[in-house]
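The values are calculated or read from the model by the stated rules, or taken from the named source; none is laboratory data. All figures in this text were calculated on a predicted structure; none of them were measured in a lab. Here Cβ is always computed from backbone atoms with ideal geometry, including for glycine, and neighbour counts include all displayed protein chains.
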């Protein structure tokens, strides 16, 4: 008697309608964030979001009653793919790769120069942007640093939060002065971070 062989079940595909809705939601979120950064929270209207995103006003109104409802309810889930950096081995090369991917992520998600506005604003909208777009990448970089500490490569007393503050602050400042983050900044920051992370405190 033979037993029928079973194959692993493949993950179910996302329904086409759901994919379309998610793509529309991303367009609305991108437009809302773009307008809020460029013109301020008061500049966000359904009409402007429709014009910038290419999504029909009727479609947006089916989701949100007005601009206030839009600002409260717009979702940034899945807005920009997070880079896989937390499981990289704690080497100098991977530190450079992590920094490069983090900067590229911020640039694609919100624009590096906008990060300063997001961090300094006390509006509920920008706090939501911070929670959904800044915190996840911050946590992944922190995990990379903590893994390096456990591996004995980085100093045990290395403060991941302080280091991340220096990275984000330096990134925003460099972009503000030069219009974008200069390639040499990445290498200079890697040289600095590697020294800070690996040099024992006297």
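The sole residue among 45, 58 that is over 24 Å from residue 127 (Cβ atoms) and either outside the structural domain of residue 113 (by TED's automatic domain parsing) or at pLDDT 85 or above (or both) is 58. Inside the stretch 104-154, residues that are more than 25 Å from residue 72 (Cβ to Cβ) and touching a residue at least 60 places away in the same chain (Cβ under 8 Å) make up a count of 7.
All but one of (1) at pLDDT below 90; (2) closer than 30 Å to residue 69 by Cβ; (3) surrounded by fewer than 14 Cβ atoms within 10 Å (Cβ to Cβ) hold for residue 124, so report the exception by its number. Failing condition for residue 124: (1). Looking at the stretch 32-118, the helices (runs of 4 or more DSSP H) lying wholly inside it that each contain 3 or more residues that are out of contact with any helix residue (DSSP H, G or I) (no Cβ under 8 Å at 6 or more places or on another chain) sit at 92-109.
Name the residue that is surrounded by the most Cβ atoms within 10 Å (Cβ to Cβ), counting only residues in the stretch 180-202 that are assigned to a loop (DSSP other than H, G, I, E, B) and in contact with a helix residue (DSSP H, G or I) (Cβ under 8 Å, 6 or more places away or on another chain). So, considering only residues that are assigned to a loop (DSSP other than H, G, I, E, B) and in contact with a helix residue (DSSP H, G or I) (Cβ under 8 Å, 6 or more places away or on another chain), the one surrounded by the most Cβ atoms within 10 Å (Cβ to Cβ) is 181.
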